[in-house]
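The next block holds one structure in the form of structure tokens; read it before the comments.
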Amino acid sequence: MNVDPANVIEYQDNLLELTMETAPWLAQANDGVIDAGTFGGKILGVPFSVQGYGLLYNKRVINEVFGDTFDPATINTQDALKTFLETIEAAGIPATLLHGANWSMGGHYLTLSYAVQGPATSDGTGYIDSLKAGTAKIEDSAIFQGYMDTLDILIQHNYNKADPLVGDYNADVQAFAQGKCATFFMGDWAWTSMTALENIDTEYGFIPVPWSNDPAAYGNSQVVMVLPKFNAIDKSQNTPEQQQAAIDVLEWMLTQPEGQQFFLDAGFSMPYKNVRSDVKYNTMTQSIADYASQGKTINLGCFSYITGDAWTQTGNLMLQYVSGAIDRQQLADGINAYWQGIQ
Amino acid sequence: MMKQSKKSIRNAGAFAAFMGPSLIAFTCVLLIPFLYGVYLTFTNYSPITRTSDFVGLANFAGVFSDKPFIESMTKTLGYVFYSALFCNVVAFFLAYLLTSNVKAQGFFRAGFFTPNLIGGIVLGYIWKFIFANVVTQVGKSLQIEQLSTSMLTNPDKAIFAMILVTVWQYAGYLMMIYVAGFVGIPKDIQEAADLDGATGLRKLFRVTIPLMVPSFIICFFITISRGFMAYDLNLALTNGAPYGATRLASMHIYQKAFQASQYGLGQAEAIVLFIVVAIVAVSQVLLTKRFEVEA
């Protein structure tokens, strides 16, 4: 079954452990990919796609403002981003777009504050544990404050500024695809929603979301790379033969050319070494793959451990902040209270 | 003596034949799951661990310390009060109009009834689109500040939007019940009232409304019980937005049980909701039954 990482953790006692003996094809996976599906030392889930998010930008619109000279690597500090957005606004184009949904603001944007605490998954989860224990308060984190400062900049230039919480995904994606705004805080899955539209721009790329003015700081020149879904095999309600059959199906789907074609046709970038090299991805996924090949990615492993209603509750707080209903201290208090209230 | 028992056996047989299927369905689909649910609240069962130990009243203690649940119940009470009131006022008014022999009466009755045929989910999505796009366009072109942003992004206006859509959905359905009530008033009583010199309004309040109390009982019961359990409209129209401000009781219970994975607490809250609805609905019926008059 295809599940969220949080479900793998929840149901881990019911899932079949895959090992190098039972599933030797796991060696085909790229580095670090199998680690992401490993919980408690057991390989419980295997991913089929690598996705990423950051600040998407429309190449045609950017080229119109900056000429062909724009280099996304120059956006690696908060000031650089601010100048970049202001230049676009001065040219008469809304600079960015924030999708007013609790999963985008709470699940994606806020999680940056946890993930950028350190490059290892345990840095993020350790920080969340200290929030749960009450030993850390989120407003004391310079990273959180930095990301909220950047969010303030984004809110100012938000295409949806007049009514930021409408949260109509199709309308927002369409507006971005038609070039009505220059950037969009979203992930490369946005492409799948665009394929049905006509007369849209097709060239996009990603820039990082910086949180400080130190270009060397972790998170300022990287985009998020996440393994959003895992395939897992249940062991609690079936026979060993059925489980072996499931392992065989996964092998075919993930490492045989015919099986892989299904995912490649859907536009997913598969993190396996033997994927056909002549596959052309859409520009968004290609941009993520470029960042990954340069090693410039933010590890969002702690995302897998954020279970339950975290997105809904902290996302709602973020939406209140975006719409101006609460201020930053109230947002921080709410986030602290949420984590401390988790059993 | 033989004749009596034969008759009662035949009666029992008739009872079983007519009521049997419904009773079986009711027992299997409503009664047994309900009783099982009550049993589950006294355990710490979860579909993830699939173990269950007896925990007594621990889940119920958690219900009253769950502040968001109390808040969602308060919001639901307000929602039920206003939607029941407006639904019935509008429905009664429409029924009154459409039983006074206007032209194309049947067409209007069918027209007003149609919104009820659209399910809550589709209705919610259609109205979401209308509030976010159509109403805002009208507001912008007519320069009305209040309507230029979507009503659904403002915590106070969003609940009003939900009440509006509820009235739109149910007014036609309740109207049909009121129409049946109007039509069921004996003509000779109305003529007697006219002969005695009663004006329209007096006739309405002294003759028509008292004879329509059964319709009121049914309609208020429907609106109150459906209002408390509203979920599909809540989900499709607002999904609790903005930021949880329109999260009514059912939605809170669902999120507690299935998102936060606190199944025991969620089930206990569901039982509490059931008790509240039962008390309110039954007392409403009993209180208003006193107003029934014989024709």
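So A:GLU89 fits all but one of (1) in contact with a strand residue (DSSP E or B) (Cβ under 7 Å, 6 or more places away or on another chain); (2) within 26 Å of A:ASN170 (Cα to Cα); what number is the exception?
(1)
Would you say A:ASP172 is assigned to a helix (DSSP H, G or I), within 14 Å of chain B (Cβ to nearest Cβ) and of a type in the set (D, E, K, R)?
So A:ASP172 passes the test.
Can we say A:GLN237 is more than 19 Å from A:LYS59 (Cα to Cα), among the polar types (S, T, N, Q) and within 14 Å of chain B (Cβ to nearest Cβ)?
yes
One residue is enough: does segment A:41-52 have a residue meeting the conditions among the aliphatic types (A, V, I, L, M), more than 21 Å from A:THR192 (Cα to Cα) and assigned to a helix (DSSP H, G or I)?
no
Only one residue in B:THR99, B:THR166, B:THR114 is under 30 Å from B:MET212 (Cβ atoms) and touching a Ser or Thr at 6+ places or on another chain (Cβ under 6 Å), so which one is that?
Exactly one residue qualifies, and that residue is B:THR166.
Step by step: first the residues of segment A:1-38, then only those that are in a strand (DSSP E or B) and more than 14 Å from chain B (Cβ to nearest Cβ), then the one that is surrounded by the most Cβ atoms within 10 Å (Cβ to Cβ). Which residue is that? Reasoning before the result, please.
Applying the first criterion (in a strand (DSSP E or B)) to segment A:1-38 yields A:2-3, A:15, A:18, A:29, A:38.
Applying the additional criterion that residues be more than 14 Å from chain B (Cβ to nearest Cβ) yields A:2, A:18, A:29, A:38.
Working: A:ASN2: 11, A:LEU18: 24, A:ALA29: 21, A:THR38: 14.
Out of the qualifying residues, it is A:LEU18.
Please go through (1) within 14 Å of chain A (Cβ to nearest Cβ); (2) touching a Ser or Thr at 6+ places or on another chain (Cβ under 9 Å) for B:GLN146 and return the number of the only condition it doesn't satisfy.
Only one criterion is unmet by B:GLN146, namely (2).
Could you list, in sequence order, all residues of segment A:202-259 that are among the small types (Gly, Ala, Ser), in a loop (DSSP other than H, G, I, E, B) and farther than 27 Å from A:TYR305 by Cβ?
Answer for segment A:202-259, where residues must be among the small types (Gly, Ala, Ser), in a loop (DSSP other than H, G, I, E, B) and farther than 27 Å from A:TYR305 by Cβ: just A:ALA216.
Could you give me the residue pairs with C-beta distances under 9 Å whose first residue belongs to segment B:106-126 and is farther than 25 Å from B:ILE159 by Cβ and touching a residue at least 24 places away in the same chain (Cβ under 8 Å), whose second residue is assigned to a helix (DSSP H, G or I) and of a type in the set (Phe, Trp, Tyr) wherever it lies, and which are 6+ apart or on separate chains?
Listed pairs, sorted by first residue: B:PHE113/B:TYR173.
Out of all the residues in segment A:126-165, which are among the hydroxyl-bearing types (Ser, Thr, Tyr) and not in a helix (DSSP H, G or I)?
Matches in segment A:126-165: A:THR135, A:SER141, A:TYR159.
Quick check: anything in segment B:273-290 within 11 Å of chain A (Cβ to nearest Cβ), surrounded by 18 or more Cβ atoms within 10 Å (Cβ to Cβ) and in a helix (DSSP H, G or I)?
Residues of segment B:273-290 that are within 11 Å of chain A (Cβ to nearest Cβ), as a first pass: none.
No, every residue in segment B:273-290 fails to be within 11 Å of chain A (Cβ to nearest Cβ), surrounded by 18 or more Cβ atoms within 10 Å (Cβ to Cβ) and in a helix (DSSP H, G or I).
Looking at B:SER250, is it among the polar types (S, T, N, Q), within 14 Å of the chain's Cα centre (by Cα) and modelled with pLDDT of 90 or more?
Values: among the polar types (S, T, N, Q): yes; within 14 Å of the chain's Cα centre (by Cα): yes; modelled with pLDDT of 90 or more: yes.
Criteria met by B:SER250.
Taking the options B:ALA91, B:ALA58, name whichever one is touching a Cys at 6+ places or on another chain (Cβ under 9 Å) and of a type in the set (Gly, Ala, Ser).
Details: B:ALA58 fails: touching a Cys at 6+ places or on another chain (Cβ under 9 Å).
From the options B:ALA91, B:ALA58, the qualifying one is B:ALA91.
How about segment A:73-125: which of its residues are assigned to a loop (DSSP other than H, G, I, E, B) and within 16 Å of A:THR150 (Cα to Cα)?
Passing the criteria: A:ILE75, A:ASN76, A:THR77, A:ALA95, A:LEU97, A:LEU98, A:HIS99, A:VAL116.
I need the full set of residues from segment A:202-250 which are modelled with pLDDT of 85 or more, under 17 Å from A:TYR114 (Cβ atoms) and of a type in the set (A, V, I, L, M), in order please.
Selection gives A:VAL209, A:ALA217, A:VAL223, A:VAL224, A:MET225.
Could you go through segment A:308-315 and let me know if any residue there is more than 11 Å from every other protein chain (Cβ to nearest Cβ), free of Cβ contacts under 8 Å to residues at least 12 places away in the same chain and surrounded by fewer than 23 Cβ atoms within 10 Å (Cβ to Cβ).
no
Just to be sure, is B:TYR173 away from chain A (no Cβ under 14 Å), touching a residue at least 40 places away in the same chain (Cβ under 8 Å) and among the hydroxyl-bearing types (Ser, Thr, Tyr)? So that I can check it myself, show each step before the final result.
Values: away from chain A (no Cβ under 14 Å): yes; touching a residue at least 40 places away in the same chain (Cβ under 8 Å): yes; among the hydroxyl-bearing types (Ser, Thr, Tyr): yes.
Yes, satisfied.
Does segment B:209-249 hold any residues that are assigned to a helix (DSSP H, G or I) and without any contact (Cβ under 8 Å) to a residue 24 or more places away in the chain, and which are they? Reasoning before the result, please.
Of the residues in segment B:209-249, the ones assigned to a helix (DSSP H, G or I) are B:209-211, B:213-228, B:232-238, B:249.
Listed by number, the list holds a single entry, B:ILE209.
Filter segment B:126-148 down to residues that are outside any helix (DSSP H, G or I) and of a type outside the set (S, T, N, Q) and give me whichever is surrounded by the most Cβ atoms within 10 Å (Cβ to Cβ).
B:ILE144
The values are calculated or read from the model by the stated rules, or taken from the named source; none is laboratory data. Being a predicted model, the structure only gives us computed values, none of them experimental. Positions of Cβ are backbone-derived with ideal geometry, glycine not excepted, and every protein chain shown enters the neighbour counts.
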